[in-house]
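Take a look at the structure below.
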Amino acid sequence: MSKPPISDRDKSLYKQALNKWGYEFQLVMLAEEFSELFSLLSKKLRGRKVGHLELVDEFADTQIMLEQMMQAFGVDEKTVRSYRAMKLGRLEELLLDKEVQKQGGK
């Protein structure tokens, strides 16, 4: 399932946030959001109870900050989608290659 493009409203909000708090602060916020998501995933991996909505909330926060930083650093969304497709193609090749190896090289 493909993610819809970033809306003009979201782009405007990202620009306003960058203007209000600055690049450095927002970059720290990106790191903080990634850290919070990683912490929840780590807890879940260790068998601790983590609510589904807690994960959804942190994924949303992380995605918002990532999109904001893409905009801040002039990273074009269309280009990222293109690279993403290329990398998924490589992943698919690797997975297919592993299947061949599992089957004894047949």
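Remarks
- Candidates LYS106, LYS78, LYS44, filtered to the one that is assigned to a helix (DSSP H, G or I), modelled with pLDDT under 95 and basic (Lys, Arg): LYS78
- Subset of segment 1-29 that is of a type in the set (Gly, Ala, Ser) and under 26 Å from LEU55 (Cβ atoms) - its residue that is surrounded by the fewest Cβ atoms within 10 Å (Cβ to Cβ): SER2
- Within the set ASP57, ASP97, the sole residue that is among the charged types (D, E, K, R), in a helix (DSSP H, G or I) and at pLDDT 95 or above turns out to be ASP57.
- Candidate set: segment 30-76, residues that are hydroxyl-bearing (Ser, Thr, Tyr) and within 28 Å of LYS15 (Cβ to Cβ); chosen: the one surrounded by the most Cβ atoms within 10 Å (Cβ to Cβ): THR62
- For segment 71-98, a residue qualifies if it is aliphatic (A, V, I, L, M), free of Cβ contacts under 8 Å to residues at least 24 places away in the same chain and under 27 Å from VAL28 (Cα atoms), and the qualifying residues are VAL75, VAL80.
- Residue in segment 7-22 that is within 23 Å of ASP76 (Cβ to Cβ), assigned to a loop (DSSP other than H, G, I, E, B) and in contact (Cβ under 8 Å) with a residue 60 or more places away in the chain present: no
The values are calculated or read from the model by the stated rules, or taken from the named source; none is laboratory data. Small disclaimer: the values here were computed from a predicted structure and weren't measured. Note that each Cβ is placed from the backbone with ideal geometry, even for glycine, and that neighbours are counted across all protein chains shown.
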